[in-house]
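Engineer: Below are the structure tokens for one structure; questions will follow.
The values are calculated or read from the model by the stated rules, or taken from the named source; none is laboratory data. Please read these numbers as outputs of a predicted model, since none were measured by experiment. Positions of Cβ are generated from backbone atoms using ideal geometry, with glycine treated the same way; all protein chains shown enter the neighbour counts. These accessible areas exclude ligands, DNA and RNA; they are computed on the full protein's heavy atoms, side chains included. Shrake-Rupley method; radii C 1.70, N 1.55, O 1.52, S 1.80 Å.
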Amino acid sequence: MYKVLRNIMRMKLTFSKKITSLTPKYTLGHNFVLKRHTSSYKSDNVYLVDEDASSGSETSNNINKYTQRTHTCGELRIDNVGQRVVLCGWLEFQRMNKFAVLRDSYGAIQLLVPEEDTSTQKLLQNLPFESIIQVKGTVLSRPDNMKNKKQPTGDIEVFIEGFTILNRAKDNLPFNIREYQIAREALRMQYRYLDLRFPLMQRNLRVRSEMLMKMRDFLVNHSGFVDVETPTLFKATPGGAQEFIVPTRFPGQFYSLVQSPQQFKQMLMAGAVDRYFQIARCYRDEGARPDRQPEFTQLDIEMSFTNLDNILQLVEELLGYSWPPFLDSLPKKFPRIGFRDAMELYGSDQPDTRFGFKMENCTQLLKLNEKLVNSDDFGAYCIVFSKEYANLSKGVKENLDKISKQFPLVKFVQTKLATPNDVVNKLGKLLSENVAAKLVNQVKLSDECVLLLGFGNKKQTQTLMGKIRLEYVDHLEKLGVSVRKTGMHLLWVVDMPLFEPGETPGSLQSAHHPFTAPNSDDLPLLDTAPLQVRSLSFDLVLNGNEIGGGSVRIHDPNLQEKIFRMLNIDKNSMQHIIDMLSSGCPPHGGIALGLDRLMSKILNTPSIRDVIAFPKTFEGRDPLSGAPSTVSEADLKLYHVKSVK
């Protein structure tokens, strides 16, 4: 029956409206003309669409212009029935040497080999999958019972009239391009050029490209920014992340790969380039981290004569303009939370606000028992999960205990309570019966709830309970319990500290970077209580992940020198910054958005590696080329370097 239907289709090829007369030149669009068909169909009243020799075919976005194809494999539809087409792509599958699937970057389409075309059948029989072929043929409508409604091109197929092998793939590639047969990540990264052929990877890179193009459009055409490239090779910067050093032919002298264009963009402000941006490549030698690569990409922005509110407004409008259409639109204003409130309620400076279960401060209550106060900066926090979210299995308890051991200055307690009064029986000896009884009254406990409690050094307690909060909710969602709200939830974290305690007692280090301006209200605290000084810095958080950060910068050279002294940074190493600020530098500020992490969240990928064309591994290696690798003795000598193994 199948062959009968195919033969009927070949003998009675028609358009959606039957054509019964021939005109000398009938234009259907894209410079196609009707011509009498003279091949094996042998039907006088059937006409096919052919190309006008005077012009090539092109789609509305010129996707086929300058190529040897007329269409992509994903754009043909039932309206194209009868058209003569040229397609190029990868052989994805073939069956019986009669049917094949051709795939390119835009989709896949079925090919039909004529029964009498034995030469093409023989070529297909021995042709490895993923070989590159070019096909010339005619678009046919599939029989009704053969249509694939799940495939965009499932209503049609291409009847082959010309078949050319452009590049034969070798047999037994490392893996097949099948969505149901995805290889392990290590193998995918080793053969990334194969992995990029997967439709999901194609989509990720194309969505990224479209969003970056919209960002450029907004900044240049709608906001008057100037795209300026800055050097990658620079000098080592004191403070901040560990930098990669680059040897030179000058003995004992090295370049550094920039962590970010921070110093250059500030110099651009002094140079009257008052609205700068750049899609910048940045480098940090920070070892293995799951959410960061040794080289990464950020959207870098800086403005003169601005303030914190203006920068935040710019980013809100920028993301609103460039936000992908397949996601819900963003609010015009993103909510804000102060750093101290974020730590108090969520135990994190990048809080996940998609669910509740906030931390509750019970410090004053536990202080009633002086034996519990084991730190000068004491803090106690608890989280309660009601009955429907109570699942404190042995495995969960072991995992939470393992996390708590990372915070030696904190005592962690986890228990499931049959009734609220059960807390006295279970925790009375540890907290005292008086404190345990008062805890029942202060905290909203219910029957069969889970109580998670931490107390000790305040900073460590907040951080631990923030991690416990996330870990427990992750556990619930793995069980199928819906906790987090869907969608994209953006949040500004503001009023961040200017300094953090340094590695040695009494020393300071920048919480952001040494060019961050302090809040003017806190300037008197610089000399008396520097750790209490708030900065004019801010982070942008998306679904509990930091995707950007920025600040208003110091433009007063005297204040900048003071900050350098407080951070024990040698003034001579930063003299170029002092000279720049002293030359008449306007007030300025900016932000950097981490594009890899942003795209990973937008596309809901398990790793940022899935939105980068050629990423490094978790350890920072390149399995594709084998980098980093050794170099010759001659190169080591040229760059005055000795290798120690």
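Engineer: Identify the GluC sites (Glu not before Pro) of region 73-129 meeting these criteria: DSSP loop state and at most 11 other C-beta atoms within 10 Å of the C-beta.
Structural biologist: Passing both the DSSP loop test and the Cβ count: 116.
Engineer: Dipole magnitude of region 270-347 about its Cα centre, charges +1 at Lys/Arg Cβ and -1 at Asp/Glu Cβ only, in debye to the nearest 20?
Structural biologist: Using only the charged Cβ atoms, the result is roughly 40 debye.
Engineer: Measure out, as a whole number of angstrom, how far apart the alpha-carbon centroids of region 558-614 and region 422-493 sit.
Structural biologist: Each part reduced to its Cα centre gives a spacing of 36 Å.
Engineer: Please compute, for the alpha-carbon atoms of region 428-529, the extent along each of the three principal axes and give them in descending order in Å.
Structural biologist: Principal extents (Cα only, largest first): 51, 43, 27 Å.
Engineer: Next question, about the same structure. Could you tell me the extents of region 267-375's C-alpha atoms along the three principal axes, largest first, rounded to whole Å?
Structural biologist: Here the spans come out as 60, 36, 33 Å, largest first.
Engineer: Let's see if you can work this out: charge +1 on each Lys and Arg Cβ, -1 on each Asp and Glu Cβ, no other charges. What is the dipole magnitude of the chain about its Cα centre, in debye to the nearest 20?
Structural biologist: My answer is approximately 2320 debye.
Engineer: State which stretch of the chain is the longest one without any exposed chymotrypsin sites (Phe, Trp or Tyr not before Pro), exposure meaning a DSSP loop state and at most 10 other Cβ atoms within 10 Å.
Structural biologist: Free of exposed loop sites, the longest segment is 327-645.
Engineer: Still on this structure: Any idea of the accessible area per residue across region 71-175, 1.4 Å probe, to the nearest Å²?
Structural biologist: With all protein chains present, region 71-175 gives 44 Å² per residue.
Engineer: Let me ask something else about it. Dimensions of region 561-645 along principal axes (Cα, Å, largest first)?
Structural biologist: The principal-axis extents, from largest down, are 48, 47, 22 Å.
Engineer: Could you tell me the center-to-center distance, by alpha carbons, between region 231-296 and region 141-157 in angstrom?
Structural biologist: 53 Å
Engineer: Right, next: Return the long-range amide H neighbours of residue 228 (sequence gap of 5 or more, or a different chain), with a cut-off of under 5 Å between placed amide H atoms.
Structural biologist: 277
Engineer: Select from 403, 445, 414 the residue farthest towards the positive end of the dipole of region 397-447; place +1 on Cβ of Lys and Arg, -1 on Cβ of Asp and Glu, and compute about the Cα centre.
Structural biologist: My answer, from the dipole projection, is 403.
Engineer: Determine ³J(HN,Hα), in whole Hz, for all residues of region 367-383 in sequence, where each value follows from phi through the Karplus function 6.51 cos²θ - 1.76 cosθ + 1.60 and θ = phi - 60°; x replaces Gly and Pro.
Structural biologist: Calculated HN-Hα couplings, in order: 5, 4, 9, 4, 5, 7, 7, 10, 8, 5, 9, 7, x, 9, 9, 9, 10 Hz.
Engineer: Moving to a separate point now. Could you tell me which of the pairs 214/235; 265/467; 358/405; 149/601; 333/358; 394/467 are separated by over 27 angstrom between their Cα atoms in the structure shown?
Structural biologist: Violating the 27 Å Cα-Cα cut-off are 214/235; 265/467; 149/601.
Engineer: Enumerate the lysines that residue 65 could reach by cross-link, defined here as Cα to Cα under 22 Å, with residues fewer than 8 away along the same chain left out.
Structural biologist: 136
Engineer: Follow-up question, since we're still on this one. For region 556-645, which whole percent of the accessible surface, found with a 1.4 angstrom probe, sits on carbon and sulfur atoms?
Structural biologist: The nonpolar share, carbon plus sulfur, comes to 52 percent.
Engineer: Whose amide H sits under 5 Å from the amide H of residue 548, counting only residues 5 or more places off or on another chain, with H placed in the peptide plane?
Structural biologist: Amide H neighbours of residue 548: 540, 594.
Engineer: Going Cα to Cα from residue 637, which lysines come in below 19 Å? Please leave out same-chain ones fewer than 8 positions away.
Structural biologist: 645
Engineer: Residue by residue, what Karplus-based ³J(HN,Hα) values in Hz, rounded to whole numbers, does region 188-200 have, using 6.51, -1.76 and 1.60 with θ = phi - 60° and x for Gly and Pro?
Structural biologist: Values, residue by residue: 4, 6, 5, 10, 4, 5, 7, 4, 5, 6, 4, x, 5 Hz.
Engineer: Tell me, what is the per residue accessible area of region 401-473 in Å², probe radius 1.4 Å?
Structural biologist: Here the per-residue accessible area is 48 Å².
Engineer: From Cα pairs below 8 angstrom and at least 6 apart in sequence, can you work out the relative contact order of region 543-602, rounded to a whole percent?
Structural biologist: Taking the mean separation of contacting Cα pairs over the length of region 543-602, I get 56 percent.
Engineer: Label residue 638 and residue 172 with points 7 Å out from Cα along Cα→Cβ: what is the distance between them in nm?
Structural biologist: 3.9 nm
Engineer: Rg to Rh ratio, region 354-470, alpha-carbon atoms and Kirkwood radius?
Structural biologist: Here Rg/Rh amounts to 0.93.
Engineer: Given contacts defined as C-alpha pairs under 8 Å and at least six residues apart, what's the relative contact order of the chain, whole-number percent?
Structural biologist: Over the chain, the number comes to 11 percent.
Engineer: With contacts defined as alpha carbon pairs under 8 Å and 6 or more residues apart, what's the relative contact order of region 480-632 in percent?
Structural biologist: 18 percent
Engineer: Shifting gears a bit: Using modelled backbone amide H atoms (1.01 Å from N, in-plane), which distant-in-sequence or interchain residues come within less than 5 Å of residue 553's amide H?
Structural biologist: 517, 588, 589, 590
Engineer: Can you pull the semi-axes for the chain, root of five times each eigenvalue of the Cα gyration tensor, sorted largest first, whole Å?
Structural biologist: 58, 35, 24
Engineer: How much accessible area does residue 132 have with a 1.4 Å probe, in Å² rounded to the nearest 10?
Structural biologist: We get 40 Å² for residue 132.
Engineer: Now for a different question. With θ taken as phi - 60° and the coefficients 6.51, -1.76 and 1.60, list the Karplus ³J(HN,Hα) couplings across region 390-404 in order, rounded to whole Hz; mark glycine and proline as x.
Structural biologist: Each residue's phi maps through the Karplus curve to give 8, 8, 9, 6, 4, x, 5, 4, 5, 5, 5, 4, 4, 5, 5 Hz.
Engineer: Any chance you could check the Cα centroid distance between region 615-640 and region 366-400 for me, in angstrom?
Structural biologist: Between the Cα centres of region 615-640 and region 366-400 lies a distance of 47 Å.
Engineer: Still on this structure, please answer the following. Counting only the heavy atoms of the protein chains, how much of residue 147 is accessible to a 1.4 Å probe, in Å² to the nearest 10?
Structural biologist: That residue has around 60 Å² of solvent-accessible surface.
Engineer: By how many nm would the segment from residue 399 to residue 571 lengthen if fully extended, with 0.36 nm per residue of separation less the alpha-carbon distance?
Structural biologist: 57.2 nm
Engineer: Something else now. Just the number, please: carbon plus sulfur as a percent of the accessible area of region 162-301, 1.4 Å probe, no ligands or DNA/RNA counted.
Structural biologist: 52 percent
Engineer: Now a separate question. Where the only charges are on Cβ atoms (+1 Lys, Arg; -1 Asp, Glu), what is the dipole of region 446-555 about its Cα centre, to the nearest 20 debye?
Structural biologist: 160 debye
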